[in-house]
Amino acid sequence: MLNLGAIIFGFLFGVLIGSQIKTKSMDTQFTLASFVIIFIVGLVSAWQLGPFPFYTDMPIASGFFFALIGIFVGKLLFGRGD
């Protein structure tokens with residue numbers, strides 16, 4: 001059973017958060033390697049969280065995983081450069 005509620009809400013929430021990320025702040029600098037590390041850690045975290053008890057679509061937390069994807073999409077499409 002594919003539950004679209006958690007997927008859609010997680011993705012939209014991630015896009016909202018991703019659009020507000022500043023990558024060139026005063027003392028922090030996000031590089032491609034840091035985004036890869038964040039994605040890997042997020043994927044491991046979603047796997048460790050596991051699905052909600054009656055969600056059987058994926059073996060990971062689908063809402064958390066799609067929020068992570070939404071953060072990267074929001075950063076790429078609407079991100080603030082400075």
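The values are calculated or read from the model by the stated rules, or taken from the named source; none is laboratory data. Quick caveat, the model's predicted, so the values are computed rather than measured. FYI the Cβ positions are ideal-geometry reconstructions off the backbone, even for glycines, and counts take in every protein chain you see. Only protein heavy atoms, including side chains, enter the accessible area calculation; ligands, DNA and RNA are left aside. Shrake-Rupley method; radii C 1.70, N 1.55, O 1.52, S 1.80 Å.
If the Cβ limit is 6 Å and pairs must be 6+ apart or interchain, which residue in the stretch 60-76 that is at positive phi and surrounded by 18 or more Cβ atoms within 10 Å (Cβ to Cβ) pairs with which residue that is assigned to a helix (DSSP H, G or I) and not hydrophobic (A, V, I, L, M, F, W, C)?
Pairs found: none.
Hey, among the residues in the stretch 1-26 that are at pLDDT below 90 and of a type in the set (A, V, I, L, M), which one's farthest from Ile60 (Cα to Cα)?
It comes out as Met26.
Give me the pairs: first residue in the stretch 38-51 and without any contact (Cβ under 8 Å) to a residue 24 or more places away in the chain, second residue among the small types (Gly, Ala, Ser), beta-carbon distance under 7 Å, and six or more apart or on different chains, which are they?
Hits for this filter: Ala46/Ala61; Leu49/Ala61; Gly50/Ala61; Pro51/Ala61; Pro51/Ser62.
If we keep just the residues of the stretch 27-55 that are polar (S, T, N, Q) and either under 19 Å from Leu76 (Cβ atoms) or open to solvent by 50 Å² or more (accessible area, probe 1.4 Å) (or both), which is modelled with the lowest pLDDT?
Just the residues of the stretch 27-55 that are polar (S, T, N, Q), to begin with: 28-29, 31, 34, 45, 48.
Now narrow it down to the ones that are either under 19 Å from Leu76 (Cβ atoms) or open to solvent by 50 Å² or more (accessible area, probe 1.4 Å) (or both): 28-29, 31, 34, 48.
Numbers: Thr28: 66, Gln29: 72, Thr31: 78, Ser34: 83, Gln48: 89.
Step by step, filter the stretch 27-55, then rank; the result is Thr28.
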